[in-house]
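These notes concern the structure reproduced below.
The values are calculated or read from the model by the stated rules, or taken from the named source; none is laboratory data. No experiment lies behind these values; they were computed from the predicted model shown. Because the Cβ atoms are built from the backbone with ideal geometry, glycine has one as well, and the counts that use them run over all protein chains shown. Accessible surface areas use protein heavy atoms only, side chains included; no ligands, DNA or RNA. Shrake-Rupley method; radii C 1.70, N 1.55, O 1.52, S 1.80 Å.
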Amino acid sequence: MALLKDSLSRIKPSATIAVTDKARALKAAGRDVIGLGAGEPDFDTPDNIKKAAIKAIESGKASKYTAVDGIPELKAAIVKKFKRENKLDYKPGQIIVGTGGKQVLFNALMVTLNPGDEVLIPAPFWVSYPDMVLLAGGEPAIVPTRMEDGFKMRPEALEKAITPRTKWIIFNSPSNPTGAAYTKSELKAVTEVLARHPQVWVMSDDMYEHLVYDDFEFFSPAQLEPRLYERTLTVNGVSKAYCMTGWRIGYAGGREDLIKAMAMLQSQSTSNPAAVSQWASVEALEGPQDFIAKHNAIFKERRDLCVSMLNQARGLHCPKPEGAFYVYPSCAGAIGRTAPSGKTIETDEDFVTELLEAEGVAVVQGTPFGFGPAFRISYATKTEDLAEACRRIQRFCGNLK
Ligand SMILES: Cc1ncc(COP(=O)(O)O)c(C=O)c1O
């Protein structure tokens, strides 16, 4: 009898973690490597949040189990956040806190998918979505987008992808990996289609909500289309905007029966998310927010630097995204050329492997995100390192024969 369960063969390890590990190994071996693979801010958690955590530890509030779905203080702060920032009304019973947005998304899929249920995932997508759907027993149904459309789904493409088996759409704006964010009118076109299909639930992954540039205005689907409120799970977290990836807190608001089922699953798996992180998150949501604008000014400068430098690299084309901290250039113009090692570049995986070997720059190939040949750069890294990495990418592309 095989050791591992059969359904495990449906999934694969995260490609983003794999490239980060490879870059780390090269660095440990003494190579000069610039890692642009990791999807987390280079900034440290703000001091007021750290202090709130220390206070929680010292006062004993972090020592014990908490309610599985989160401490009342954090749920109250989340209710206020949804009202303040998204004009969404949720009661505390409609809120769940989990160990990262990742667990919240996973819980929701696990408690809702029956075999054969389809989940629409617009491509390019965050690498974990299809694997989570598969693990939960559902079928990912990829909805293609085009680079010319800024990687945003056309309403006709969405309409065409919906079937009687469609249970969810996972909607992510601003997007990992492209940084694409839907404007109010682009989102309205999508929610209009969804409103016509009452069997489709909407999982809105708003993780990068605060990371938008050039006066972009963010809207969440249930905010823009009240007809979707009852069947939308609005997912968010403190990882990205509050520089708290290591603290592992994500949350969601949605229909009470769904939230209850997710909490039941969590009660039988991880129980409550770490108490200290929950108290830190109360401070994140309720404390000063001014550092977000400061970080965004830096992120915007880095985005503009990357877009400009990558568009000067031979064979690359890099659209300018509205948000997150990623750019997603096409490397179609490098395919068929020969790298300094003598290897012909046939895929985007070859491109990133040769780039890492030749120039010590770690990026992630596009294919696992559902769109290639392309690659993802995370610009959440020091500006000098980013400029140097872009110079090396230009040199690498220029040296291809
Ligand atoms: C689009 C998207 N959603 C969700 C997550 C999960 O974030 P966390 O589990 O840290 O809250 C990430 C993290 O990379 C992400 O990029």
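Observations on the structure shown:
- Residues (closer than 15 Å to residue 327 by Cα and part of a helix (DSSP H, G or I)) located in the range 349-366: 352
- In the range 230-243, the qualifying residues are those that are closer than 17 Å to residue 282 by Cβ and surrounded by fewer than 24 Cβ atoms within 10 Å (Cβ to Cβ), and the one that is nearest to the ligand (Cβ to nearest atom) is 239.
Results for (1) more than 20 Å from residue 209 (Cβ to Cβ); (2) among the β-branched types (Val, Ile, Thr); (3) within 23 Å of the chain's Cα centre (by Cα); (4) open to solvent by less than 20 Å² (accessible area, probe 1.4 Å), shown as yes or no for each residue.
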{"site": "262", "(1), (2), (3), (4)": "yes, no, yes, yes"}
{"site": "288", "(1), (2), (3), (4)": "no, no, no, no"}
{"site": "310", "(1), (2), (3), (4)": "yes, no, yes, yes"}
{"site": "316", "(1), (2), (3), (4)": "yes, no, no, yes"}
{"site": "336", "(1), (2), (3), (4)": "yes, no, no, no"}
{"site": "343", "(1), (2), (3), (4)": "yes, no, no, no"}
{"site": "356", "(1), (2), (3), (4)": "yes, no, no, yes"}
{"site": "362", "(1), (2), (3), (4)": "yes, no, yes, yes"}
{"site": "367", "(1), (2), (3), (4)": "yes, yes, yes, no"}
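- For the range 26-46, a residue qualifies if it is touching a Lys or Arg at 6+ places or on another chain (Cβ under 9 Å) and among the aliphatic types (A, V, I, L, M), and the qualifying residues are 33, 34, 36.
- Considering the range 378-401, the residues that are basic (Lys, Arg) and over 28 Å from residue 43 (Cβ atoms) include one that is least open to solvent (accessible area, probe 1.4 Å), namely 395.
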